[in-house]
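*Asks:* Can you keep this structure in mind? I'll have questions shortly.
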Amino acid sequence: ELITSYVFNKAEYIRFNSTVGKFVGYTELGLKNAEAWNKGSVLAQELGELERFCKPNADLHYSNVL
């Protein structure tokens, strides 16, 4: 699972969660950004990171945790 949080002044305003598969906003600005990012290339970039880095390395990281 890939989670990317965007924080300003110790308050999280937007988060990408690979389980949900999109950006979710938590403030008024975050909601506007999430809507725009989910329609544009930013979502494709984040999903690309999931495929490029997370999935190939999941077993390696999981075995280190155990």
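The values are calculated or read from the model by the stated rules, or taken from the named source; none is laboratory data. Note that this is a predicted model, so its numbers are computed, not measured. Because the Cβ atoms are built from the backbone with ideal geometry, glycine has one as well, and the counts that use them run over all protein chains shown.
*Asks:* Name the pairs: first residue in region 39-64 and modelled with pLDDT under 85, second residue surrounded by 11 or more Cβ atoms within 10 Å (Cβ to Cβ), Cβ to Cβ under 7 Å, at least 6 apart or on different chains?
*Replies:* Listed pairs, sorted by first residue: 54/2.
*Asks:* Take region 1-15 and flag every residue that is modelled with pLDDT under 95 and of a type in the set (A, V, I, L, M, F, W, C).
*Replies:* Once the filter is applied, which keeps residues that are modelled with pLDDT under 95 and of a type in the set (A, V, I, L, M, F, W, C), region 1-15 yields 2, 3, 8, 11.
*Asks:* Quick one: how many residues across region 1-55 are surrounded by 14 or more Cβ atoms within 10 Å (Cβ to Cβ), part of a loop (DSSP other than H, G, I, E, B) and under 9 Å from the mean Cα position of the chain (by Cα)?
*Replies:* Of the residues in region 1-55, 2 are surrounded by 14 or more Cβ atoms within 10 Å (Cβ to Cβ), part of a loop (DSSP other than H, G, I, E, B) and under 9 Å from the mean Cα position of the chain (by Cα).
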